[in-house]
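A.B. asks: Got a structure for you, written out below as C-alpha cells; questions coming shortly.
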Amino acid sequence: MSNLTLFLPETVCLLGALVLFFAQVFGARYTVVWLLGLLSGVAALVAAVWTWPLAGEPFFPGIYRVDFFSQFVKTVIAAGFVIVAAISGRPHTVRAGAWLELPMFLLLAMTGMMMLASAMELVTLYISMELAAYPVYITVALHRNRDISGESSTKYMLQGMIASAITLYGLSFLFGLTGSTYLSAISSQLGTLATQPLFWLAVLLVLAGFLFKLAAFPFHFWASDTYQTAPHEVITFVATASKVAAIAVLCRIAALVSPAAGDAELITHVLMWMSVAAMTLGNLAALRQGDLKRLLGYSAVAHAGYVLIGIQAMSAMGLTAALFYAMGYAAMSALCFLVVVELGRDEDLVTVDSLAGLHQRSPLLAATLLIGIFGLIGLPPTVGFIGKWFLFSAAIEQGQFVFVLVAAINSAVALYYYLLVIRQAYFAESDNSNPIHTDVVTLAVAGATTGLVIAMGVVPGWFWALSVEAVVALMG
Amino acid sequence: MGDTSLLTTILLCPVVGLVLVLLTPARAVQAVRWISALSALAAGVLSVHLWRAYDTVAGGFQFVEIVPWVEQVGISYHLAVDGFSTILVMLNSIVFFTGVLTMWDLETRVKEFFAFMLLLVIGVYGVFLSQDLFFFFLFYELAVVPMYPLILIWGSGNREYAAMKLMLFLLAGSALLFPALLSIYHASGLGTFNMILLAQKAFDPDFQIFVYPFVFLGFGVLAGLFPFHGWSPTGHVAAPSAVSMLHAGVLMKLGAYGVLAVGIRLLPIGAVYWAPTFATLAAIGVVYGAFVAIRQTDFKFVIGFSSVSHMGIVVLGLNLAVLGKAGQDALNGAVFQMFAHGIMTALLFSTVGFIYDRAHSKTIADFGGLGSLMPRAVSVFIVAGLCGAGVPGLASFWAELLVFLAALKTYPIMGVAIIVSLVLTAIYILRVFSLAFFGPVNTKWEGLRELDLKGWQLLPRAILLAVLLFFGFFPRVLLDVIDGTTTGVLAAF
C-alpha cells in the first residue's frame, strides 16, 4: 500500500482522466466536465505536496524514483495545470465540439509529464515523453478556425516526432554502450563511458526530444507558429507545465553526467552555443512580431536559452537556478497568457495592437500583464530578476564572463519588444472601450499568480531552499 | 521607534505609501495625493533625524541592520549608512516631498502616477541604504523601471522615443553590471554579497583592472557619462516635472553613487588604473554639455545638457579622488556636488514645469519679458540658474570649487579647461535669462500675469531654495558629515 501512495499524484490524474472519459461519453455538460477537471488538478496538486516528505520506488527497483526532486517538479506541473484549468471556464477558441475532450487530454498529458520527472529507465522515460506529447498534439489542433490551426499543428506534430525519433536513436546508443536501460547502470559506468565520444553524442541525441519541448535552438521552429495558432488555453499549458517537465528532464540528465563534467566539454560547449543561439534568435525575431502570441513564442525560445545557461553549467548551482527559473517562468508566462485568454475570447488571433486601451477596459488585466512582462524582461521586484541573477551566477561560477555578458545584453535587446507590449496596454488609446468582465476564478488565479511572481522576487529564500533541496535529492 | 530600525523605517515610508495608494480607489485623487505627501513628509522627518543622529566623529557605517535573506548564496537584507548615504537619503527625501507637491495639480491617471513615483522612490532609498551587493542592484533596477510608464503616459513631446531610449540605455548599462557584480562575488571567495566585507578583500590587481570598466561604465550610463549621455537630455525633456526632478535630481546620482560604492570601494586598484581615462571622459562631458546647452532652443534641453555637464563634475571628482594629489577635496567636492546639483536641478525642473504647464511652451525664443509677467517663478529660476553657474552664496559654489581645485592640482591643463566651462555655463544661463525673462514683454503671454506662483505653490520651490542658500552659507554642516567617510574611503589609496 505504502508503495502505491508514492504514485498518488499520477493516480489522481489517471483517475481524473478516466472519470472525464466517461463523463463525456455520457454527455455531461461542459461546466461539469470543467469542474471535474479543475478538481482533479487541485487534487493532484494536493497529492503532490502531500508526497513531498516521501521517497522510494513504487514499482520494480530502478525504474521509477520518487524523491523530493520529482515530487517538487510534479507540484509545479500540477500548479500549472490548475492555472490552465481555471482559466478554461469557457475555452472560446477551442472548437465547440471538442470542449468536452479538452480537460481529459490535458490531464493525460500532465500524467506523462509527472512520470517524466520520476522516470529512471530509458524505456519508461521514452513512454512518459510520448504520453506527455500526444494529447498535446491533439489539443493544439483543436482551434475553432481550422484554416488557422491546420498547418501549425501538423508542423508541431511532425517536428515533435522527429525530435522524439532522435531521442530514441540516442537511447539506442546508450543501451548499446552500457547493455542496460537503467540510468543507475549508466551512472555506475560513468567513469569508463565518459572517455568515449560516442557516449556524449548519445547524451546529446537524447536531449533532442526535451530541447524540442523547451523550444530551444535548433528545435524551436514550431514555437512561433504553434504559439500563434493553437487555442489560447492549450498554449498556456504548453508554455507552462510542459516547459517545467522538459527542464526537469534536462536537469535529470545533466545531474546524471555531471560527475564526469570534466570530460563533458563537448556537451557543455554545444549547450552553451545552443543557448546563445536560442536567446539571440528568439529576441531578434520577436522584435518584429505584431501577433502577441507569436511574440511570446519567440520570447519562449529566448527563455529556453536562459534556462540552458543553468543546465550547461552542470553544477548544483546551475541546476538549482534552472529549476528555480522554471518555477518562476511558468508563473510569469501564465500571467501573460491569462491576459491573452481573457482578451482573445472573440479573436482567433491576438495581436499586440488589440491590447490598446486595456488599462481602461480592465485595469486589473493591464496590471497583470505589466507584472508578467516585467518578469519576462527580468526586472525587479519580480522573480524574473532574481531568477536571471541566479542563472548568471551559475555561469560566472564556471568562469563564463563573456557568455553572461552576451546573455545580459540579450535581455537589454529583448526590452524593446516587451516594452512595446506594455506601451499598447498602458498608453495606446482605442475606440473599443467595452470593459472586459473577468470571472471570479480567473481573478483569483491572476491574483495568486501575481503574488507568487512578486513573492519569489522579493522573498526568494523559501523557494530557493526548496530548489536546493530538490537538486540535492536529484544529485545525491 | 528605536534607532536600530531607523533605516528600515525610512525605506518603509514609501512602501506603505505605495500599498495605501494601490488600495485607494482611483477616483479618490485627493486621498492619493495626501497619502503620497504624508509618506514623503514622514520619510523627510526621519531623514533629518538620521542626519542629526549620524555620528560624524565615529564616521564609518552606522545604523547597521542585517537579516539573512537567501542564506545559501550569501544574500542578506543589509542596511547601513555612511556620511555619503546620509546626505543622499536627505536629498532623496527633499526631492521626493517637493516632487509630490509639484505634481499636486495633476489630473490624469493620478493614482497610477503616484504609484509609479513611489516605486521609483523606494528604489532610490534602497540603493542609498543597501550594503548588500544583490539588494543594491535590485533597488537600482527597481528605480529605473517606473521611468518608462512615467515618461510614456504623463510626459510630453517626443515621449515614446524618449522613454524607450532611456530604458534601452539604462538596461544596456545594467547588462554590463550583471557579469561584473557576479564576478566580484565569485572572485572574492567569501560567499557573501556584504559590501562592507567585500571592500576589505584585496582582489587580484589583474581582476580589478579587468572588471572595473564594466562597473564604471555600467553605472556611468546612469550618471550621464559622456559619450553615453544621449538618453538623459531627451528623457528630461519628455518627462513630467516631478519625474524630471527625481530623474535629474536623484536618479542620475545613483549612477555616480554606484561608481563610488561598488567601483572605487571594492576595486581600488582598478579605479586608479582607469582614472586618467575616465577623468578625461568626464572632463569632456563637462565642457561638451555646456557647449551644447548654449545652442538649445528649448528650456528643458538647456537644463538637460547642463545636467550632463554638472554630473560630469561629479564623475570627474570621483576619478580625481583616487589619483591622490588632492583626493580629499575631490571626493568631498564630488559628493557635495551630487547633493547641490540634485537640489538645484530639481528646482529648475520644478519651475520650468510650472511655466510650461501654464504657457504650454518650452521654446526660449517664444518668451520675452517673462520676468515682469511671472516675477516669482522667474526669480526662483534665476537663483537656481546662478547656482549652476557656481555663484558664491549658493551650494554648488563650494562643490565646484573643491573639484576644480583638485583638477588644477592633478591635471593643470584639464583644470583650466574645466574652469573655462564655468564661463560657458554662465553664457548659456545668461542667454536664457536675457532671451526669455528680460527685454520687451511678448504680449502673447499677457494671460500669464494671473498665473504666477502663489500660495502653497511657493512651498516646494521655497524649500528647495532655502536648502540651496543654507548650504551655500554653511557648507561645513554638510562637509562635516561627509569628511570622515571621505578619509575612510581614501585610506585604501
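A.B. asks: Give just the number: which of (1) out of contact with any strand residue (DSSP E or B) (no Cβ under 9 Å at 6 or more places or on another chain); (2) within 13 Å of chain B (Cβ to nearest Cβ) does A:GLY461 not satisfy?
C.D. replies: It is condition (1) that A:GLY461 fails.
A.B. asks: Of (1) crowded, with 24+ Cβ neighbours inside 10 Å; (2) farther than 15 Å from B:LEU12 by Cα; (3) among the hydroxyl-bearing types (Ser, Thr, Tyr), B:THR108 satisfies all except one. Which?
C.D. replies: In the conditions (1) crowded, with 24+ Cβ neighbours inside 10 Å; (2) farther than 15 Å from B:LEU12 by Cα; (3) among the hydroxyl-bearing types (Ser, Thr, Tyr), B:THR108 misses (1) alone.
A.B. asks: Please enumerate the residues belonging to segment B:166-212 that are touching a residue at least 24 places away in the same chain (Cβ under 8 Å), within 11 Å of another protein chain (Cβ to nearest Cβ) and in contact with a Ser or Thr (Cβ under 6 Å, 6 or more places away or on another chain).
C.D. replies: Result: B:VAL211, single match.
A.B. asks: Using the structure shown, decide if B:LEU118 is in contact with a Pro (Cβ under 9 Å, 6 or more places away or on another chain), of a type in the set (A, V, I, L, M, F, W, C), surrounded by fewer than 24 Cβ atoms within 10 Å (Cβ to Cβ) and assigned to a helix (DSSP H, G or I).
C.D. replies: Here the answer is no, as B:LEU118 does not meet what is asked.
A.B. asks: I've got another one for you. Given the criteria farther than 25 Å from B:LEU118 by Cα, in a helix (DSSP H, G or I) and free of Cβ contacts under 8 Å to residues at least 60 places away in the same chain, does B:VAL292 qualify? Write out each step before concluding.
C.D. replies: Working: farther than 25 Å from B:LEU118 by Cα: yes; in a helix (DSSP H, G or I): yes; free of Cβ contacts under 8 Å to residues at least 60 places away in the same chain: yes.
So B:VAL292 passes the test.
A.B. asks: Would you mention how many residues in segment B:476-491 are surrounded by fewer than 18 Cβ atoms within 10 Å (Cβ to Cβ) and hydroxyl-bearing (Ser, Thr, Tyr)?
C.D. replies: 1
A.B. asks: I've got another one for you. Quick one: B:ALA180 ticks every box in (1) surrounded by fewer than 24 Cβ atoms within 10 Å (Cβ to Cβ); (2) of a type outside the set (Lys, Arg); (3) at pLDDT 90 or above except a single one, so which number is it?
C.D. replies: Only one criterion in (1) surrounded by fewer than 24 Cβ atoms within 10 Å (Cβ to Cβ); (2) of a type outside the set (Lys, Arg); (3) at pLDDT 90 or above is unmet by B:ALA180, namely (1).
A.B. asks: Filter segment B:148-161 for residues that are hydrophobic (A, V, I, L, M, F, W, C) and either crowded, with 24+ Cβ neighbours inside 10 Å or within 9 Å of chain A (Cβ to nearest Cβ) (or both) and give the result.
C.D. replies: Scanning segment B:148-161 gives B:LEU150, B:ILE151, B:LEU152, B:ILE153.
A.B. asks: What are the residues in segment A:163-188 that are in contact (Cβ under 8 Å) with a residue 12 or more places away in the chain and either of a type in the set (Val, Ile, Thr) or not in a helix (DSSP H, G or I) (or both), if any?
C.D. replies: The answer is A:ILE166, A:THR167, A:THR178, A:THR181, A:TYR182, A:ILE186.
A.B. asks: Give the number of residues within segment A:407-442 that are more than 9 Å from every other protein chain (Cβ to nearest Cβ), surrounded by fewer than 17 Cβ atoms within 10 Å (Cβ to Cβ) and in a helix (DSSP H, G or I).
C.D. replies: 2
A.B. asks: Report yes if B:LEU79 is of a type outside the set (Phe, Trp, Tyr), part of a strand (DSSP E or B) and either over 23 Å from B:GLY249 (Cβ atoms) or more than 12 Å from every other protein chain (Cβ to nearest Cβ) (or both), otherwise no.
C.D. replies: Criteria met by B:LEU79.
A.B. asks: Right, next: For B:PHE135, work out the one condition from (1) more than 10 Å from every other protein chain (Cβ to nearest Cβ); (2) in a helix (DSSP H, G or I) it doesn't fulfil.
C.D. replies: Against the list (1) more than 10 Å from every other protein chain (Cβ to nearest Cβ); (2) in a helix (DSSP H, G or I), B:PHE135 comes up short only on (1).
A.B. asks: Using the structure shown, decide if B:VAL121 is closer than 25 Å to B:LEU11 by Cβ and within 12 Å of chain A (Cβ to nearest Cβ).
C.D. replies: Taking the combined requirement at face value, the residue does not satisfy it.
A.B. asks: Which of (1) touching a helix residue (DSSP H, G or I) at 6+ places or on another chain (Cβ under 7 Å); (2) assigned to a loop (DSSP other than H, G, I, E, B) does B:THR86 not meet, given it meets every other one?
C.D. replies: Of everything listed in (1) touching a helix residue (DSSP H, G or I) at 6+ places or on another chain (Cβ under 7 Å); (2) assigned to a loop (DSSP other than H, G, I, E, B), B:THR86 misses just condition (2).
A.B. asks: If you don't mind, another one. Taking A:LEU379 as meeting all but one of (1) more than 9 Å from chain B (Cβ to nearest Cβ); (2) within 26 Å of the chain's Cα centre (by Cα); (3) in a loop (DSSP other than H, G, I, E, B), write down the number of the exception.
C.D. replies: Result: A:LEU379 fails condition (1) only.
A.B. asks: Here's another thing I want to ask about it. Restricting segment B:390-418 to residues that are touching a residue at least 40 places away in the same chain (Cβ under 8 Å) and assigned to a loop (DSSP other than H, G, I, E, B), which is farthest from B:LEU469 (Cα to Cα)?
C.D. replies: Looking at residues that are touching a residue at least 40 places away in the same chain (Cβ under 8 Å) and assigned to a loop (DSSP other than H, G, I, E, B), I get B:TYR411.
A.B. asks: Please count how many residues of segment A:342-364 are away from every other protein chain (no Cβ under 14 Å) and not in a helix (DSSP H, G or I).
C.D. replies: Adding up the residues that qualify gives 9.
A.B. asks: Consider segment B:332-381. How many of its residues are farther than 21 Å from B:LEU101 by Cβ and among the hydrophobic types (A, V, I, L, M, F, W, C)?
C.D. replies: The total comes to 9.
A.B. asks: State the number of residues belonging to segment A:456-476 that are assigned to a helix (DSSP H, G or I) and free of Cβ contacts under 8 Å to residues at least 40 places away in the same chain.
C.D. replies: Residues that pass the stated criteria total 3.
A.B. asks: Among the residues of segment A:382-406 satisfying the criterion of being β-branched (Val, Ile, Thr) and part of a helix (DSSP H, G or I), which is farthest from the other protein chains (Cβ to nearest Cβ)?
C.D. replies: If we filter segment A:382-406 for residues that are β-branched (Val, Ile, Thr), which is where we start, we get A:382-383, A:386, A:396, A:402, A:404, A:406.
Remaining after also requiring part of a helix (DSSP H, G or I): A:383, A:386, A:396, A:402, A:404, A:406.
Numbers: A:VAL383: 12, A:ILE386: 8, A:ILE396: 4, A:VAL402: 8, A:VAL404: 4, A:VAL406: 9 Å.
Among them, the one singled out is A:VAL383.
The values are calculated or read from the model by the stated rules, or taken from the named source; none is laboratory data. If you're wondering where the values come from, they're calculated on a predicted model, not measured in any experiment. As a convention, Cβ positions derive from the backbone with ideal geometry for all residues, glycine included, and neighbour counts pool all protein chains shown.
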